[in-house]
Amino acid sequence: MEVVIHVCAGMLALATLFLLIRVTIGPTVLDRTVALDVMVAVGISALALEAAINQHTSTLPLLLVLTLLGFVGSVTIARFTKGNDHIDSGRSEHGRGH
């Protein structure tokens with residue numbers, strides 16, 4: 001059981017590192033937004049792992065609130081961004097020839 005816990009914690013830490021890199025260098029606002037949304041999901045997973053390790057359910061309301069916050073945040077960003085079929089529209093103007 002200890003090995004599984006350590007592997008899960010390591011994977012969550014690695015995911016957080018990659019997400020911080022994506023938030024830092026993400027070329028578009030949507031890249032950063034998706035990375036932050038996934039970071040909320042990683043935080044939810046970390047809290048669930050902590051609850052499983054300590055065998056308690058006291059973090060369940062917090063998990064529910066974070067889940068709803070992540071969903072509402074994603075829907076809000078999707079609602080207020082420009083609907084564009086071309087994902088790299090900003091890049092195509094700078095010499096890519098699309």
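Values as computed for the structure displayed
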quantity	calculated
Area of residue 32 that stays accessible when all protein chains are in place (1.4 Å probe, Å², to 10)	80
Prolate/oblate/rounded label for segment 1-65 (Cα gyration tensor, a/c 1.5)	oblate
Segment residue 48-residue 63, extension gain: residue separation times 0.36 nm, minus the distance between their alpha carbons	4.6 nm
Which of 67, 59 is most accessible, then next, and so on - probe 1.4 Å	67, 59
Difference of contour (0.36 nm per residue) and Cα-Cα distance, residue 75 to residue 24	16.1 nm
Heavy-atom accessible area per residue - segment 1-52, 1.4 Å, Å²	65
Heavy-atom accessible area ranking, 1.4 Å probe, most first, across 6, 56	6, 56
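The values are calculated or read from the model by the stated rules, or taken from the named source; none is laboratory data. Since the structure is predicted, the reported quantities are computational estimates derived from the model, not experimental observations. To get the accessible areas, we keep the full protein, side chains included, count just its heavy atoms, and leave off ligands, DNA and RNA. Shrake-Rupley method; radii C 1.70, N 1.55, O 1.52, S 1.80 Å.
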